[in-house]
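Scroll down for the structure; my scribbles are underneath it.
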Amino acid sequence: MERTEIKALIDNVLQAQGKEPVVNEAQTTRELGFRSLDFSEVALRIELQIGRELNFEAAQLRTITTVADVLDFFEAAVGR
Amino acid sequence: MPAPCWDNEVVLNGREVTWSDLADGVLEVAEPVVFGVHDVREAWAAFACGVARSSDFALIEAERLTPQYITELTRAGRWVRRADKVIAPAVPTTVVPGRITVLTSGTTGPPKLVEHSLASLATLAGTALPPRRWLCPYSAGTYAWYQLAVLGLTVPDQTIVPTGVEEPDAWVELAASARVDAVSATPTFWRRTLLHVDSAALRDLHLTQVTLGGERVDQVLLDRLRECLPKARITHIYASTEAGACFAVHDGRQGFPAEWLNRPLGNGVRLRIEDDRLWVSSPFAATDEEWIDTGDVTRRRDDRIEILARADESFVNVGGTKVDARSVEAVLGEHPAVLWCHVRGVDSPFTGQVVVAKVLVDPTTSLDEAALRRFVGARLPEAARPRIIEFVADVPMTAAGKSVV
């Protein structure tokens, strides 16, 4: 799954909550109002698209602060 | 013990036969026995013969008799008869004349054998009913099926028209040709019918009685039935295999009146609520215990007690917040285009669980996921909002005519 597709999913999840979409990858999740439930929804939607559960390191989650971090995280999880 | 009306009739393959005709078959079998029945006629004949001989019996659709199920039944001291094959019990047996054992589905574990009798199943014995021709789309051997079978056998002038549960169009055709004027079925059966059958065809049946049982009933369905069948009395029944039939509600509203609590109802049933759960004491129960915990979670809304869900399947844990899935269903169901929905939690490594939903919407509307999310978003706290709403084309249904989820 491409990084642009993951970003589009994030935008959709944000917009469904009435929030602004991502402008650039340096934005923080806090600025965007991208919360843990939004994170869960993106993960679920990725799993539905790829037809399997995501595989990831929990430790990586703790370092996420920006959109770039979120995209890196999901890209890695999809690729594992 | 109610006296059977042997001259009442059952319509089998377009032909009316009396219960005494059905009971006339030869049924020489060791007891206690479980009949695995292959077709409608075999089911009704087995029941008629069993009652006529005060046999100790149960019946179940043969296709549900898996090897594991048969093993469990023989371990419980039952003979199992399927077509010409007879399987002996694995332990010594005790015959109890007149015992009618209701078998639960056993889809999630070993079957439960719930012991009733004609008397405990005859919840309408002595009730004066107008002559009616009842469509029976219940699966043979379920509690609801026995309820209709016993109604047909013990209440004067009641005719039973058995059918399968699969095709809504087919039952409407059968009902029209057999002059059915009353239908008792699960809410899932009715939702599918309203989805697939033209409302004019339903109205043309001139139903005077519509009964819903076997599952929780919601207001949206009751309203749709009222709109579609304005001349029929619409009744929903609260019953369980263990507690028996407890009460029937005729006022077109979901739940039951709060004033029914803590006092005997006309049929001797008593109801109380403890920690939001419904307890019943019923003369039709299959147990000697005075009070039975139904496991159903309730909530009071003004003068009404609403039944939300089974206690053990109701809650989703979203990041430590307990979300009542049935309350979320209630909100989804408030949308006029939603015909059916099911809400559950799915595991999420980030929040424990998140709420997801399946919905069936009226195909004549253009409701999409975004619009439905806006609708629930305005009515539910964030943790309770379904994060994914899957639109399904039909209500998934079990062999017993209930929703599979």
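The values are calculated or read from the model by the stated rules, or taken from the named source; none is laboratory data. Since the model is a prediction, treat every value here as computed from it, not as a measurement. Cβ sites come from the backbone with ideal geometry, for glycine too, and all protein chains shown count toward neighbours. The area values use the complete protein model at the heavy-atom level, side chains included, leaving out ligands, DNA and RNA. Shrake-Rupley method; radii C 1.70, N 1.55, O 1.52, S 1.80 Å.
Structural remarks
- A count restricted to the stretch B:339-361 and to residues that are under 22 Å from B:Arg191 (Cβ atoms) and either open to solvent by less than 30 Å² (accessible area, probe 1.4 Å) or among the β-branched types (Val, Ile, Thr) (or both) stands at 10.
- Candidate set: the stretch B:368-397, residues that are assigned to a loop (DSSP other than H, G, I, E, B) and crowded, with 17+ Cβ neighbours inside 10 Å; chosen: the one farthest from the other protein chains (Cβ to nearest Cβ): B:Val395
- Condition met for A:Ala26 (surrounded by fewer than 17 Cβ atoms within 10 Å (Cβ to Cβ), modelled with pLDDT under 90 and more than 10 Å from the chain's Cα centre (by Cα)): no
- Here the condition is being farther than 21 Å from B:Val114 by Cα and either open to solvent by less than 20 Å² (accessible area, probe 1.4 Å) or touching a residue at least 24 places away in the same chain (Cβ under 8 Å) (or both); of B:Asp181, B:Asp198, it holds for B:Asp181 alone.
- B:Lys231 satisfies every condition listed in (1) open to solvent by 10 Å² or more (accessible area, probe 1.4 Å); (2) within 28 Å of B:Glu42 (Cβ to Cβ); (3) not in a helix (DSSP H, G or I) except (2).
- Filter result for B:Gly152 (touching a residue at least 40 places away in the same chain (Cβ under 8 Å) and part of a loop (DSSP other than H, G, I, E, B)): no
- Being of a type in the set (A, V, I, L, M), closer than 18 Å to B:Tyr238 by Cβ and within 18 Å of the chain's Cα centre (by Cα) is a property that B:Ile292 lacks.
- A Cβ distance below 9 Å, combined with a sequence gap of six or more or placement on separate chains, defines the contacts here; from the stretch B:343-359, residues that are within 12 Å of chain A (Cβ to nearest Cβ) and more than 16 Å from B:Lys322 (Cβ to Cβ) reach residues that are open to solvent by 40 Å² or more (accessible area, probe 1.4 Å) and of a type in the set (A, V, I, L, M, F, W, C) in the pairs B:Pro349/A:Phe56; B:Pro349/A:Ala58; B:Pro349/A:Leu61; B:Phe350/A:Leu61.
- The residues of the stretch A:30-67 that are away from chain B (no Cβ under 12 Å), crowded, with 17+ Cβ neighbours inside 10 Å and in a helix (DSSP H, G or I), listed by number, are A:Leu32, A:Val67.
- Among all residues of the stretch B:256-267, there is at least one that is small (Gly, Ala, Ser), more than 19 Å from the chain's Cα centre (by Cα), open to solvent by less than 60 Å² (accessible area, probe 1.4 Å) and over 22 Å from B:Ala144 (Cα atoms).
- The lone exception for A:Val78 - which of (1) part of a loop (DSSP other than H, G, I, E, B); (2) closer than 15 Å to A:Thr4 by Cβ it fails: (1)
- Checklist (1) within 11 Å of the chain's Cα centre (by Cα); (2) part of a helix (DSSP H, G or I); (3) within 11 Å of chain B (Cβ to nearest Cβ) applied to A:Val70, failing item: (3)
- Residue in the stretch B:295-336 that is nearest to the chain's Cα centre (by Cα), counting only those that are assigned to a helix (DSSP H, G or I) and of a type in the set (Gly, Ala, Ser): B:Ala311
- Taken over the stretch B:332-365, the criterion of being among the β-branched types (Val, Ile, Thr) and closer than 26 Å to B:Ser199 by Cβ is satisfied by B:Val338, B:Val359, B:Val361, B:Thr364, B:Thr365.
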